[in-house]
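Step one of this worksheet: look at the structure below.
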Amino acid sequence: MDVNEVLLPGVGLRYEFTNADGDRIGIIARRTGDFEMVSYPEDDPDESRPLFRLTQEEADTVAEILGAPRIAERFADLTREVPGLSAGQIDVPATSPHAGHPLGHMRARTRTGASIVAIVRGEDVLASPGPAEVIRGGDVLVVIGTHDGIEGVREIIRG
């Protein structure tokens, strides 16, 4: 399926696609973290009709339902708006000295400036994990920050 991505300066990103029924659908990912679903009538492809809005929490829940790996892609797409900001995924090996310990004990943001914005655990996504969330071997950390910051988190995980 082709998805057209359009940068909306000051607003966020708009994704557009045509579904299997031939309906043109748009998803506006706002910089605030909210999302708006719109449709386009056949007779006027430039006019959009709001369908519904989702808060960031609601969108994260829908992302979990529809497929955990998509959340990492969404963060990667949103970071394109901010020069110097990147998204990365870091595998946590079972041998990591941080496996089995709370996320906050790593002090990753304090040490590197990068933030762990989600943990992908199998098919589940823990969006915006708190410092008490225990990291497990096999987890994938979704990290937002500078390239150096992300590499710093990777080094911390390795020990």
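With a 1.4 Å probe and all protein chains kept in place, how much accessible area does residue 58 have, in Å² rounded to the nearest 10?
Around 80 Å² of this residue is reachable by solvent.
Quick one: plug the Kirkwood hydrodynamic radius of the chain (C-alpha pairs) into Stokes-Einstein at 4 °C, 1.567 mPa s, and report D in µm²/s.
76 µm²/s
Give me the 1.4 Å probe accessible area per residue for the chain, excluding ligands and nucleic acids, in Å².
Heavy-atom SASA per residue in the chain reads 59 Å².
Quick one: length gained pulling residue 32 to residue 8 fully straight, 0.36 nm per residue minus the C-alpha distance?
So the chain would gain 7.4 nm between residue 32 and residue 8.
Pick from 149, 113, 88 the residue whose mean-square fluctuation is largest in a GNM of the chain, springs joining Cα atoms under 10 Å.
113
Which of 135, 65, 116 ends up with the largest GNM mean-square fluctuation for the chain, with Cα atoms connected below 10 Å?
65
The values are calculated or read from the model by the stated rules, or taken from the named source; none is laboratory data. Here the structure is a predicted model, which is why all the values come from computation and not from measurement. In case anyone asks, the SASA skips ligands and DNA or RNA and just uses the protein heavy atoms, side chains included. Shrake-Rupley method; radii C 1.70, N 1.55, O 1.52, S 1.80 Å.
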